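Report on the following structure.
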Amino acid sequence: MTTADITSAAPTAAPTAAPPPGPTGPPAPSGGPAARLRAAWRTVRRSRRLSIGFVLIGIFVLVAIIGPLIATDPNGFSLDLGQPPSGAHWLGTTQTGQDVFDQLMVSTRTSLEIGAAAALIATAISVVIGIGGGFLGGWSDETLSLLSNVFLVIPGLPLVIVISSYTKGGSMLATIGVISITSWAASARVLRAQTLSLRTRDYVLAARLYGEKRWRIVLVEILPNEAAIIVSQFIFAVIFAILTQAGLAFLGLQNPSDLTWGNMLYFAQNAEALSSGSWWWFVPPGLCIAVFGAAMSLISFGLDEVLDPKLRVYRPAKQSRRTEGQEATR
């Protein structure tokens, strides 16, 4: 028997049948919105700190949205003077009969607005100065770096107090501006150092050789690689803004007509609520500041666990844990 006979006698492979379509048609593409949402949800569930932080921040945002809608007049007076929490007044009243619960609902929105707006402006300034100076180099980097160093050398709190003293009784925009111009320098230095490292990477050099424009290199090649740092800096900028505003209000350097957590503490301190035992007046705003700061810190630490491979935490599924427990008992 020749080789040709053996070859012709070999059975031919049957054609591979196409997999039957699913009951709901072909599967959705992996890059669709649903897949991205599921991936984001798995990312959040991967870290308990991130989950707890998002839940707490969600509660604050919900209160800030619907709180002023359900609250009555926070500046309205009543005959219930300095009353403890009760069914009529859930968080008690002030010495002038104002409802503390209503004031807290309105103060939450104002405090979050100041924190978010000041953090956005400060983060934008730090991104422009830090990434811009680090990428351009030369005299541009020297000038922007000198500007950052000047703001870093000047003590932050005295500068805020001096500027706020000239804008006392001003609008909320003045407070946001004061906090923004005093809280961007440290973030700009961090972003500049990271940009100096990224601009010498191979993919950045390749983009330059291909003739890509500078703005496109920054937006496509450098900025996404610093997104984690920018988000972390924004989170701590929000915390700094809220704490700074509360401190300025406690010192009496804010407009008393704008209800914030800091102004609530200011009025409670002036009325000697601590010495008189009116804990329901100063504990709620102080607790809100502490819990909000802790929630933002949990989100920052949780993002580090998810984005940093060295800190990434993998939790086994419940079935795997159950199987390990059964094998351990044998």
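The values are calculated or read from the model by the stated rules, or taken from the named source; none is laboratory data. Everything numeric here is computed off the predicted structure, so don't read it as measured data. We place every Cβ from the backbone using ideal geometry, glycine too, and count neighbours over all the protein chains shown. Just so you know, the surface numbers come from the protein's heavy atoms only, side chains and all, with ligands and any DNA or RNA stripped out. Shrake-Rupley method; radii C 1.70, N 1.55, O 1.52, S 1.80 Å.
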Screening S257, S275 for residues that are assigned to a loop (DSSP other than H, G, I, E, B) and either acidic (D, E) or closer than 18 Å to T96 by Cβ (or both) leaves only S257
Would you mind telling me which numbered condition in (1) among the polar types (S, T, N, Q); (2) open to solvent by 80 Å² or more (accessible area, probe 1.4 Å); (3) in a loop (DSSP other than H, G, I, E, B); (4) more than 19 Å from G134 (Cα to Cα) T200 fails?
(4)
Selection count, segment 152-171, where residues are of a type in the set (A, V, I, L, M, F, W, C) and crowded, with 17+ Cβ neighbours inside 10 Å:
2
Just one of (1) open to solvent by less than 40 Å² (accessible area, probe 1.4 Å); (2) at pLDDT 90 or above; (3) among the small types (G, A, S) trips up S278, so point out which.
(2)
Looking at segment 66-121, which of the residues that are open to solvent by 30 Å² or more (accessible area, probe 1.4 Å) and among the charged types (D, E, K, R) is nearest to M172 (Cα to Cα)?
E113
Could you run through segment 133-153 and say how many residues are farther than 14 Å from R189 by Cβ and within 27 Å of the chain's Cα centre (by Cα)?
1
Flag if G247 is surrounded by fewer than 22 Cβ atoms within 10 Å (Cβ to Cβ), in a helix (DSSP H, G or I) and either on the phi > 0 side of the Ramachandran plot or over 17 Å from the mean Cα position of the chain (by Cα) (or both):
yes
Any idea which of (1) under 22 Å from the mean Cα position of the chain (by Cα); (2) in contact (Cβ under 8 Å) with a residue 24 or more places away in the chain; (3) open to solvent by less than 50 Å² (accessible area, probe 1.4 Å) is the one A227 doesn't satisfy?
(2)
